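The values are calculated or read from the model by the stated rules, or taken from the named source; none is laboratory data. Note that the structure is predicted; figures quoted are calculated from it, not measured. Positions of Cβ are backbone-derived with ideal geometry, glycine not excepted, and every protein chain shown enters the neighbour counts.
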Ligand code: SG7
Ligand code: ZN
């Protein structure tokens, strides 16, 4: 499995802009969300459909950058409300994590990072597919969920952990059964909202970001499974897949909204 970019490039994720011009632009993600600077705005509640159905067509894969679950099931899970324009189809979800509990998330909250962040990627039904949607403003909607580490296993997260032994090498997708709704924080109508980009090349500025302030708990055993069981290959070297997060980007006068019901 080859890729044109890596978290291991000598200049780190900053080097991405030398090959992808968009990664240098002004509405990039992730950012540090400063609660006191966010504008209060009451968005309508989210509406999620088919998020909890057992994902019959779903496949999990180590893509060399993250562990990713593709939701090929029908009916497809969809997202609407929450201030989004129209209906968005969920395509996949994936994770970003660190090598210790002190870092790993992409977004920050008031200067603090979390050990892990999950992204659920959706594209607008206005467009025929995700590749076209990612070239359009608001073409994508990503839900970002922070994780924090405790002593208790998160039973909903076991669907991912159970599959890790078969995901050691990049490639080789396998079936997976997760309940997406139960992986979300309990109150998913409290969130931050801003316009940004994909956090990996091509860094397209097409994403409506929803960031939940309330972290979901997983155990330190579970996050350590993620930190030790997956391999990535860069420049011929095989290393464990950790620290797959992009550095913070400038806010550049963008408005950050806070929707607290
Ligand atoms: C991960 O993050 C992958 C990518 C994803 C990218 O590396 O999950 O997904 C695929 C299919 O390669 O890119 C277009 C897309 O979803 C960036 O997504 S993110 O901004 O949510 N981190
Ligand atoms: Zn992501």
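Taken over the range 60-86, the criterion of being assigned to a strand (DSSP E or B) and more than 22 Å from residue 163 (Cα to Cα) is satisfied by 78, 79, 80, 81. From the list 145, 160, 120, 130, the lone residue that is within 18 Å of residue 224 (Cβ to Cβ), surrounded by 14 or more Cβ atoms within 10 Å (Cβ to Cβ) and within 16 Å of ligand 2 (Cβ to nearest atom) is 160.
Please find, among 185, 202, the residue that is surrounded by 15 or more Cβ atoms within 10 Å (Cβ to Cβ) and within 15 Å of ligand 2 (Cβ to nearest atom).
Numbers: 185 fails: within 15 Å of ligand 2 (Cβ to nearest atom).
Selected residue: 202, the only one of 185, 202 that is surrounded by 15 or more Cβ atoms within 10 Å (Cβ to Cβ) and within 15 Å of ligand 2 (Cβ to nearest atom).
With respect to the conditions (1) free of Cβ contacts under 8 Å to residues at least 60 places away in the same chain; (2) more than 19 Å from residue 231 (Cα to Cα), residue 183 lacks only one, and its number is (1). Checking every residue in the range 19-41 against the condition of being touching a helix residue (DSSP H, G or I) at 6+ places or on another chain (Cβ under 7 Å), surrounded by 20 or more Cβ atoms within 10 Å (Cβ to Cβ) and touching a residue at least 60 places away in the same chain (Cβ under 8 Å) gives at least one match. Of the residues in the range 29-46, at least one is closer than 18 Å to residue 144 by Cβ, within 16 Å of ligand 1 (Cβ to nearest atom) and touching a strand residue (DSSP E or B) at 6+ places or on another chain (Cβ under 6 Å). Please state which of the following conditions residue 216 fails to meet, knowing it meets all the rest: (1) touching a helix residue (DSSP H, G or I) at 6+ places or on another chain (Cβ under 8 Å); (2) more than 16 Å from ligand 2 (Cβ to nearest atom); (3) part of a strand (DSSP E or B). Of everything listed in (1) touching a helix residue (DSSP H, G or I) at 6+ places or on another chain (Cβ under 8 Å); (2) more than 16 Å from ligand 2 (Cβ to nearest atom); (3) part of a strand (DSSP E or B), residue 216 misses just condition (2). So is residue 210 in contact with a strand residue (DSSP E or B) (Cβ under 8 Å, 6 or more places away or on another chain), in a loop (DSSP other than H, G, I, E, B) and within 16 Å of residue 94 (Cα to Cα) or not? It is false that residue 210 is in contact with a strand residue (DSSP E or B) (Cβ under 8 Å, 6 or more places away or on another chain), in a loop (DSSP other than H, G, I, E, B) and within 16 Å of residue 94 (Cα to Cα).
For the structure I just gave you, tell me whether residue 144 is in a strand (DSSP E or B) and under 16 Å from residue 247 (Cα atoms). Show your work before the answer.
Numbers: in a strand (DSSP E or B): yes; under 16 Å from residue 247 (Cα atoms): yes.
It is true that residue 144 is in a strand (DSSP E or B) and under 16 Å from residue 247 (Cα atoms).
Here are 176, 242, 211: which of them is within 15 Å of ligand 1 (Cβ to nearest atom), at pLDDT below 95 and under 19 Å from the mean Cα position of the chain (by Cα)? Lay out the reasoning, then the answer.
Numbers: 242 fails: at pLDDT below 95; 211 fails: at pLDDT below 95.
Checking each option against the conditions leaves just 176.
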